[in-house]
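Here is the structure we will look at.
The values are calculated or read from the model by the stated rules, or taken from the named source; none is laboratory data. The shown structure was predicted, so the numbers you read here are calculated from the model rather than taken from an experiment. Ideal geometry is used to build each Cβ from the backbone, glycine not excepted, and the neighbour counts take in all protein chains shown.
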Amino acid sequence: MKELLIVGVGVMGRPYLDAAARLGLKVSAVESAAAYDNRPTDLGVTYHRVDGEAEESWNQGVAEALAASVPDGVLAFAEPHVLAGALAQDRLGLPGPSLHAAVISRNKALQRTGFSAHGVPQPEFFLASDVGRAREWMLDRLPVVVKPLSESGSSGVELVLDAAAVPELIARRSAEGTVLVEQAVLGPEFSWEALVRDGEVLFENFTAKETTPPPYFVELCHRIGHRFEDGETADQVNALTRGVLGAIGMRTGLVHLEFRLGPDGPALMEIAVRTPGDYLGEAVGLTYGFDLYEAVIRLALGLPLDGLLNADPVRYAATWFPTVEPGRISRIEGVEEALAHPAVVRVRLRKQVGDVVGPLTSSSARLGHVLVDAASPEEREEALEHVRKHLRVSVD
């Protein structure tokens, strides 16, 4: 019986446990203290608890798991788990994205400074030890985007449109430390989800995104199975994705890459070598008719993927995130009406009546999500409109 070590599970990683059970694997998992208390106990998983919140704490949990049992494969779930997982993969000689790819993926500055030499199209950038040192650079290149180096979920990403906003930004973020400042690429945003083995792309999907208006770009909707109809654009996007894989030294695993289509073509925003958030893994699986989580496990264990993958969509899924103005939630209506649509899979809200909703500055501040699974792009749009019409959240 093969053994799989999963670094981080939480809620969105539960499909990995289900897929591993179907494959008859022995599973151990490194889990945070918060998720450990709510861990599923019905699948025979051996858990190793991590009490610290720092990224390095996950490495301690992985080391303890490896001391207890040596797995046949290691799978890192989300951003804080990537380096600990890659260190274990590298040490044991197991399939993985490569230690180089993992390190690069966890630092946006390393991406920008390294990709320049590989000809990857990306925004002009300035790496500043504090945001005040980028003052003149920003004023010469407005609009610009200010980013932290290692966050995810749009946290800390902020657009600066005009010179009047620069002094306030510097005063507010001067204690933050090193930041990346980029010339803004104004255009639609997309992501690329790909399965890669030994550097070869086995499967790929494009996701079209909707985000909040500036300055924070919080993602509000993902439409899976996008196609670039213009041949020149499709060729440029293909060159971008393959160029990034080569630049990071990607070997094996799941890739999540984000880019924008600007006036000069596609430009890279960032690259990650882990499972995408926002339930994209589930939505991709629904769209292409196979279990993406099982495919990722098979890659981690060096197992064949014969007959599992589909290149073209068989359905059209989307995830949508309702939003409201800041305040205290006084009423939630229309959940049952939204679920009545045959293409609506679920409506899951993290906030309830009485909870306080803050400003929408990152993904963690969203209310919850809706998953749609439709037979056609047209039905998908009709289902999304149905949910927007009926699901109502009121705040005081």
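Given the structure, is Leu286 farther than 24 Å from Leu240 by Cα, without any contact (Cβ under 8 Å) to a residue 40 or more places away in the chain and buried (at least 16 other Cβ atoms within 10 Å of the Cβ)?
no
Rundown of residues vs (1) buried (at least 20 other Cβ atoms within 10 Å of the Cβ); (2) under 18 Å from Ala29 (Cβ atoms), yes/no style:
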{"residue": "Pro80", "(1), (2)": "yes, yes"}
{"residue": "Pro97", "(1), (2)": "yes, no"}
{"residue": "Arg106", "(1), (2)": "yes, no"}
{"residue": "Gly119", "(1), (2)": "no, no"}
{"residue": "Asp130", "(1), (2)": "no, no"}
{"residue": "Arg133", "(1), (2)": "no, no"}
{"residue": "Pro148", "(1), (2)": "no, no"}
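State which residue pairs qualify: first residue buried (at least 22 other Cβ atoms within 10 Å of the Cβ) and inside region 1-25, second residue hydroxyl-bearing (Ser, Thr, Tyr) and assigned to a helix (DSSP H, G or I) in any location, beta carbons under 6 Å apart, and separation of 6 or more residues or different chains.
Qualifying pairs under 6 Å: Ile6/Tyr16; Tyr16/Tyr293.
In region 184-207, is there at least one residue being touching a Phe, Trp or Tyr at 6+ places or on another chain (Cβ under 6 Å), small (Gly, Ala, Ser) and within 30 Å of Ala300 (Cα to Cα)?
So far as region 184-207 goes, no, none of its residues is touching a Phe, Trp or Tyr at 6+ places or on another chain (Cβ under 6 Å), small (Gly, Ala, Ser) and within 30 Å of Ala300 (Cα to Cα).
So for region 65-87 (the condition being small (Gly, Ala, Ser), in contact with a Ser or Thr (Cβ under 8 Å, 6 or more places away or on another chain), under 30 Å from Val131 (Cα atoms) and not assigned by TED's automatic domain parsing to the domain that holds Ser129), does at least one residue qualify?
Yes: one or more hits.
Looking at (1) in contact (Cβ under 8 Å) with a residue 40 or more places away in the chain; (2) on the phi > 0 side of the Ramachandran plot; (3) exposed (fewer than 14 other Cβ atoms within 10 Å of the Cβ); (4) of a type in the set (Gly, Ala, Ser), which is the one condition that is false for Gly368?
The one condition Gly368 does not meet is (3).
Counting just the residues of region 310-334 that are under 18 Å from His222 (Cα atoms) and in contact with a Phe, Trp or Tyr (Cβ under 7 Å, 6 or more places away or on another chain), which one comes out surrounded by the most Cβ atoms within 10 Å (Cβ to Cβ)?
Thr319
Count, please, the residues in region 189-202 that happen to be under 16 Å from Glu270 (Cβ atoms) and of a type outside the set (Phe, Trp, Tyr).
Residues flagged as under 16 Å from Glu270 (Cβ atoms) and of a type outside the set (Phe, Trp, Tyr) within region 189-202 amount to 4.
Looking only at strands (runs of 3 or more DSSP E) that fall completely inside region 298-396, which ones have 1 or more residues that are more than 20 Å from Gly277 (Cα to Cα)?
327-333, 368-374, 392-395
Name the pairs: first residue in region 318-340 and of a type in the set (Lys, Arg), second residue part of a loop (DSSP other than H, G, I, E, B), Cβ to Cβ under 6 Å, at least 6 apart or on different chains?
Arg328/Asp396
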